[in-house]
Amino acid sequence: MKKEILATSVVLGLTALALQARCKPLETVKYVELKKYLGTWFEIAAFPKAFEKGCMCTSATYGLAENGSLIVKNRCIQDGDLKVKEGRAFVTDRTNAKLDVEFFWPFRGKYWIIDLAKDYSYAVVGNPSRSSLWILSRRPTLDEQTYNELVVNAANKGFDVRKLVKTDQIADVSAI
């Protein structure tokens, strides 16, 4: 009973923080060194998206294109099959923390890096309307304490973290 009351209090507190912060413009990290950001990121949790329904082992790999944009390859296992979608990301500000991502021309989505480990071991990405949120890690798992801190930080930035769903990952990453 005490655990249920505590959990309910935490959720209500995070919801109040999110509602209060939602009125402020979304802040990103101060600067992203793109070369350090390149490589593979595993989705630890995200707001559910229709195109990812039934996905597990979700990851994204970023590479640098000749024109300076980023090549983005999203992967997941969906209905037992490996699904790969390739797109482009375009830096839109001097901090490199704000990008526009395009998987289907001419549609682009805002991809703002709002939290980032100093060693680039985890990142949190959202959009200014706060309708999308991803918690990413360089490994398929993230320790619970770090995860919880990132969730609280996202709530403080106005995200409704009750929508977060943890992504099923597997230990053998060679499968994806």
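Quick note: the coordinates plus some simple rules give every number you see, no bench work behind them. Since the structure is predicted, the reported quantities are computational estimates derived from the model, not experimental observations. Quick reminder, even Gly has a Cβ in these numbers, built from the backbone with ideal geometry, and neighbours come from all protein chains shown.
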Mean shadow area of region 22-95 over all directions, Cα convex hull, nm²: 6.5
Calculated over region 50-138: convex hull of Cα atoms, volume per residue (Å³): 116
Equivalent-ellipsoid semi-axes of region 2-169, from the Cα gyration tensor, Å, largest first: 26, 19, 15
Net charge over other residues, Cβ less than 13 angstrom from the Cβ of P106 (K, R count +1; D, E count -1): 0
Distant-in-sequence amide H partners of I44 (H built 1.01 Å from N, under 5 Å): I135, L136, S137
Listed pairs K98/K163; K110/K166; K24/K53; K83/K110; K36/K73 exceeding 27 Å between Cα atoms: K24/K53
For region 86-100, Karplus couplings with θ = phi - 60° (6.51, -1.76, 1.60), whole Hz, Gly/Pro x: 10, x, 10, 10, 10, 5, 10, 8, 6, 7, 6, 8, 10, 10, 10
Trypsin sites (Lys or Arg not before Pro) restricted to region 41-103 and DSSP loop, no more than 14 other C-beta within 10 Å: K49, K53, R94
